[in-house]
1. What whole-number volume per residue, in cubic angstrom, does the convex hull of the C-alpha atoms of region 13-119 give?
2. Any idea what % of Cα-Cα pairs in region 1-50 are farther than 14 Å?
3. What is the Cα coordinate range of region 40-90 on the first, second and third principal axes, sorted by size from largest, in whole angstrom?
4. For region 96-106, what does the Karplus curve 6.51 cos²θ - 1.76 cosθ + 1.60, with θ = phi - 60°, yield as ³J(HN,Hα) per residue in whole Hz, taken in order and with x for Gly and Pro?
5. If you add up the charges near LYS104, with Lys and Arg at +1 and Asp and Glu at -1, over every other residue whose beta carbon is less than 13 angstrom from its beta carbon, what do you get?
Amino acid sequence: MHGSNKSVLLQANEAIVAGDNEGFLSHCTEDIRWTTVGESTLEGKEAVRQWMKTAYATPPRFTVDRLIAEDDMVVALGTIMGEGDGGEPTQLAYSDVWRLRDRKLAELNAFVLPTVRRS
């Protein structure tokens, strides 16, 4: 089961990087709950779809450094390269805690923080 949940998440992530939002959403339950901790919670696939239209207008590039799976949970740790408000490149560190149901992404708690550049 662990490998299969990891592979679902990896396939979904590949779709995001390819700019295939519908491909990503095909890996989600209809009642997905997507929480970006400290910011907002999206309820349902349509809410995620609408959010992705603007947030992922330019597909983010991200690196998964580690995947940890247990029971119905998969945790992904890594970095995201995206665009800031002014279009400048922005690097973020993230920890995504996913709960899967019937091999579909059902719930996300995303912890996303800007990386600190040291001089």
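1. Values: hull volume 11.5 nm³, N = 107.
Taking only Cα atoms, region 13-119 has a hull volume of 108 Å³ per residue.
2. Working: 700 of 1225 pairs.
That fraction is 57 percent.
3. 39, 27, 16
4. 9, 10, 9, 10, 10, 9, 6, 6, 10, 6, 10
5. Values: positive: ARG33, LYS45, ARG99, ARG101, ARG103; negative: GLU30, ASP31, ASP72, ASP102, GLU107.
Overall, the nearby charge balance is 0.
We did not get these values from a lab; they are worked out from the coordinates using the rules stated. Small disclaimer: the values here were computed from a predicted structure and weren't measured. Please note: Cβ atoms are built from the backbone with ideal geometry, for glycine as well, and neighbour counts cover all protein chains shown.
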